[in-house]
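J.: Below you'll find the structure I mean.
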Number of protein chains: 2
Amino acid sequence: MMIMADDIDILISEVGPRDGLQNANGVMATTAKMAWISAQARAGCREIEVCSFVPPKLVKGMADAADVVAHGLTLPGLTVAVLVPNLRGAIDAMATGAHKITLPVSVSESHSQANVRKSRTQMIEEVRAVCAQRDQLAKEHRPVIEAGMTTAFGCTIEGVVPERDVLETVVACVEAGADEIGLADTSGMANPQQVKRLFKLAKAEVDDALQGVHLHNTYGLGLANAMAAVEAGATALDSSLGGLGGCPFAPGASGNIVTEDLVFMLESQGLRTGIDLGGLIACRDIVQAALPNDVLYGYIAEAGVPNVFK
Amino acid sequence: MMIMADDIDILISEVGPRDGLQNANGVMATTAKMAWISAQARAGCREIEVCSFVPPKLVKGMADAADVVAHGLTLPGLTVAVLVPNLRGAIDAMATGAHKITLPVSVSESHSQANVRKSRTQMIEEVRAVCAQRDQLAKEHRPVIEAGMTTAFGCTIEGVVPERDVLETVVACVEAGADEIGLADTSGMANPQQVKRLFKLAKAEVDDALQGVHLHNTYGLGLANAMAAVEAGATALDSSLGGLGGCPFAPGASGNIVTEDLVFMLESQGLRTGIDLGGLIACRDIVQAALPNDVLYGYIAEAGVPNVFK
């Protein structure tokens with residue numbers, strides 16, 4: 001179960017080094033990844049998804065996953081999170097001592113096949129196998145296992161995803177042993193009312209196991225949806241520095257919601273993230289220098305922090 | 001008083017031909033303005049702010065204001081709105097038969113001086129004079145007079161604008177005879193909680209005279225703020241096709257919230273705008289052809305309407 005520190009209201013989980021880099025044009029050097037992660041942790045970021053454990057031939061730029069985790073583990077107070085598609089990746093990740101391991105579980109059958117070549121039922125069994133593996137570790141070494149409900153708000157292949165399917169999958173993953181559930185708007189299709197409704201419905205099923213949402217900004221509703229999630233009780237939000245990674249099927253549209261803009265929105269309202277906005281914006285220089293051919297998005301970095309911001 | 005048609009939930013007031021063009025790089029030809037206004041009215045837009053009545057030497061591209069109003073008045077069902085800075089402009093606007101006249105009243109003293117070279121108190125007196133002028137017309141020819149509370153959510157010069165000052169100005173403008181009040185986030189500084197709080201406070205003061213908000217997207221919170229306004233009871237929202245006009249002090253940041261994205265957000269949630277999204281997006285071609293050196297913003301036009309949208 002995620003432990004929320006008393007001194008923040010919303011945990012921002014930076015997914016740029018994983019979700020962002022996986023969809024970037026360039027491949028970032030290991031030293032640059034480490035510099036980025038260090039700088040962002042120093043700016044106050046408490047959780048960073050630093051890499052994925054996937055076959056290097058399938059995803060470019062993740063061959064240094066173990067080294068990046070090892071670096072993250074040297075940073076005090078940082079929760080080092082990783083993504084894995086299956087048990088094989090989870091075993092690799094556990095060997096590194098990563099604090100948190102997320103498995104994507106597609107609610108939509110077509111997306112599940114396209115993304116991980118497994119059915120939804122098979123992925124729930126994969127979650128069960130990963131949790132069994134976790135339970136073989138001594139308690140103090142067990143990572144948090146999160147099941148991320150991809151396509152929870154819609155699917156580029158199937159369109160509308162029935163909420164009943166989402167809730168069934170949420171419950172099945174908790175029964176399979178997952179410590180945490182995340183609701184993921186994989187392709188940015190969610191709207192604010194939908195986010196509120198589905199978050200509350202899922203919360204009613206699994207209570208504290210559900211804390212967060214993973215939102216994309218494909219159609220520009222990312223921050224409105226983030227606000228809706230917070231109003232519905234979400235205390236953890238994924239986002240990416242500079243909205244890094246773009247969106248493969250929508251050139252010019254940013255991918256994940258932009259961490260800098262999210263921090264600005266939340267802190268403007270007195271919702272504490274623990275993150276220093278200036279320090280966070282400065283991280284963009286590291287990323288841009290290492291990825292000269294990728295576009296960094298974000299309004300607050302472009303327009304400058306306004307004089308009303310404390 | 002604004003009359004809300006039964007068949008829509010939210011009135012979108014397109015301000016691109018005025019606010020957008022006033023801040024655009026290029027000057028749009030009169031024929032292109034007319035084609036744009038016609039196309040957008042045909043797409044279902046019920047209210048368009050078509051121009052401002054200002055000295056042509058101060059604002060480029062508004063010398064054809066009377067012709068543009070005359071064109072708008074030929075379009076069935078369209079409310080033709082205009083902006084004026086003072087009584088002089090209001091008299092010109094009334095002579096054209098425009099349906100609605102908005103005066104900007106800066107809550108912040110410094111912005112008021114910078115924008116219209118008058119104090120806030122002097123602008124309230126200007127509203128009174130305009131309303132007296134309105135009352136000399138036969139009832140069936142009287143335009144709706146709106147006072148737009150600029151800098152209601154913050155000022156680039158003064159920073160935080162006390163809410164008490166906003167409420168005082170709102171009440172003073174209604175007492176001076178304004179039919180409608182709008183709350184304007186002139187420089188995009190508002191946050192969702194602030195929008196909700198201030199809208200409700202102002203509504204408690206003047207009830208039905210307050211319907212709408214005018215939001216900018218300078219810091220990326222435009223749609224989140226729009227959603228907050230709707231949740232607080234707003235039934236009218238200003239926006240600009242393509243977020244046209246940019247933001248003079250923040251290159252690259254869009255100005256007004258983007259009409260296309262706003263319609264997508266509202267309609268996705270079953271909030272009826274009366275606007276056909278496809279027809280609206282098609283209007284961008286007219287604008288882009290007429291303003292080749294201006295950037296049109298907007299996520300939904302870039303990414304394409306997703307398959308979940310009905």
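The values are calculated or read from the model by the stated rules, or taken from the named source; none is laboratory data. All values reported here derive from a predicted model rather than from experimental measurement. Please note: Cβ atoms are built from the backbone with ideal geometry, for glycine as well, and neighbour counts cover all protein chains shown.
J.: Looking at the stretch B:114-130, I want the residues that are among the basic types (Lys, Arg) and have a partner that is at pLDDT 95 or above and outside any helix (DSSP H, G or I) with Cβ atoms under 7 Å, at least 6 apart or on another chain. Which pairs are those?
T.: Going by the 7 Å Cβ cut-off, the qualifying pairs are B:120/B:105; B:120/B:106; B:120/B:107; B:128/B:176; B:128/B:177.
J.: Okay, moving on. Taking the stretch A:161-217, which residues are of a type in the set (Asp, Glu) and on the phi > 0 side of the Ramachandran plot? Please lay out each step first, then the result.
T.: Let us first name the residues in the stretch A:161-217 that are of a type in the set (Asp, Glu), namely A:163, A:165, A:168, A:175, A:179-180, A:185, A:205, A:207-208.
Listed by number, the list holds a single entry, A:207.
J.: Could you check the stretch A:63-99 and list, in sequence order, the residues that are closer than 18 Å to residue A:129 by Cα and in contact (Cβ under 8 Å) with a residue 60 or more places away in the chain?
T.: Scanning the stretch A:63-99 gives A:82, A:83.
J.: Still on this structure, I have one more. Between A:90, A:114, which is over 19 Å from residue A:152 (Cβ atoms) and not basic (Lys, Arg)? It would help to see each step written out before you state the result.
T.: On the way: A:114 fails: over 19 Å from residue A:152 (Cβ atoms).
Unique residue meeting the criteria: A:90.
J.: Could you say whether any residue in the stretch B:64-72 is crowded, with 21+ Cβ neighbours inside 10 Å and either among the basic types (Lys, Arg) or within 22 Å of residue B:158 (Cβ to Cβ) (or both)? Don't jump to the end; show me each part of the working.
T.: Within the stretch B:64-72, the subset crowded, with 21+ Cβ neighbours inside 10 Å is B:65, B:68-69, B:72.
Then drop every residue that is not either among the basic types (Lys, Arg) or within 22 Å of residue B:158 (Cβ to Cβ) (or both), which leaves none.
No, the stretch B:64-72 contains no residue that is crowded, with 21+ Cβ neighbours inside 10 Å and either among the basic types (Lys, Arg) or within 22 Å of residue B:158 (Cβ to Cβ) (or both).
J.: To continue, here is another question. So the check is Cβ under 6 Å with 6+ separation or different chains; which pairs have a first residue in the stretch B:185-201 that's more than 10 Å from every other protein chain (Cβ to nearest Cβ) and a second one that's among the β-branched types (Val, Ile, Thr)?
T.: That search, which allows pairs on different chains as well, returns B:186/B:150; B:186/B:151.
J.: Tell me which residues, restricted to the stretch B:163-210, are assigned to a loop (DSSP other than H, G, I, E, B) and buried (at least 19 other Cβ atoms within 10 Å of the Cβ). Full working, then the answer.
T.: In the first step, residues of the stretch B:163-210 are kept if they are assigned to a loop (DSSP other than H, G, I, E, B); the result is B:176-179, B:185-191.
Those that are assigned to a loop (DSSP other than H, G, I, E, B) and buried (at least 19 other Cβ atoms within 10 Å of the Cβ): B:176, B:178, B:179, B:185, B:186, B:187, B:188, B:189, B:190, B:191.
J.: Quick one: which residue in A:79, A:96, A:150, A:74 is more than 30 Å from residue A:218 (Cα to Cα), under 20 Å from the mean Cα position of the chain (by Cα) and of a type in the set (S, T, N, Q)? First the steps, then the outcome.
T.: Working: A:79 fails: more than 30 Å from residue A:218 (Cα to Cα); A:150 fails: more than 30 Å from residue A:218 (Cα to Cα); A:74 fails: under 20 Å from the mean Cα position of the chain (by Cα).
Of A:79, A:96, A:150, A:74, the one residue that is more than 30 Å from residue A:218 (Cα to Cα), under 20 Å from the mean Cα position of the chain (by Cα) and of a type in the set (S, T, N, Q) is A:96.
J.: Please note which helices (runs of 4 or more DSSP H) are completely contained in the stretch B:211-310 and include at least 2 residues that are crowded, with 22+ Cβ neighbours inside 10 Å and more than 8 Å from every other protein chain (Cβ to nearest Cβ).
T.: On the way: elements: B:222-232, B:259-268, B:277-290, B:299-303.
Helices (runs of 4 or more DSSP H) meeting the threshold: B:222-232, B:259-268, B:277-290.
J.: Right, another one. Does the stretch B:91-98 contain at least one residue that is under 24 Å from residue B:62 (Cβ atoms) and modelled with pLDDT under 95?
T.: If we filter the stretch B:91-98 for residues that are under 24 Å from residue B:62 (Cβ atoms), which is where we start, we get B:91-98.
Right, trim to modelled with pLDDT under 95 and you get none.
No: zero hits.
J.: May I pose another question? When you scan the stretch A:138-159, do you find a residue that is outside any strand (DSSP E or B), of a type in the set (D, E, K, R), within 14 Å of chain B (Cβ to nearest Cβ) and in contact (Cβ under 8 Å) with a residue 24 or more places away in the chain, even just one?
T.: Just the residues of the stretch A:138-159 that are outside any strand (DSSP E or B), to begin with: A:138-143, A:151-154, A:156-158.
From what is left, the residues that are of a type in the set (D, E, K, R) are A:139-140, A:142, A:158.
Then keep just the ones that are within 14 Å of chain B (Cβ to nearest Cβ); that gives A:158.
From what is left, the residues that are in contact (Cβ under 8 Å) with a residue 24 or more places away in the chain are A:158.
There is at least one residue in the stretch A:138-159 that is outside any strand (DSSP E or B), of a type in the set (D, E, K, R), within 14 Å of chain B (Cβ to nearest Cβ) and in contact (Cβ under 8 Å) with a residue 24 or more places away in the chain.
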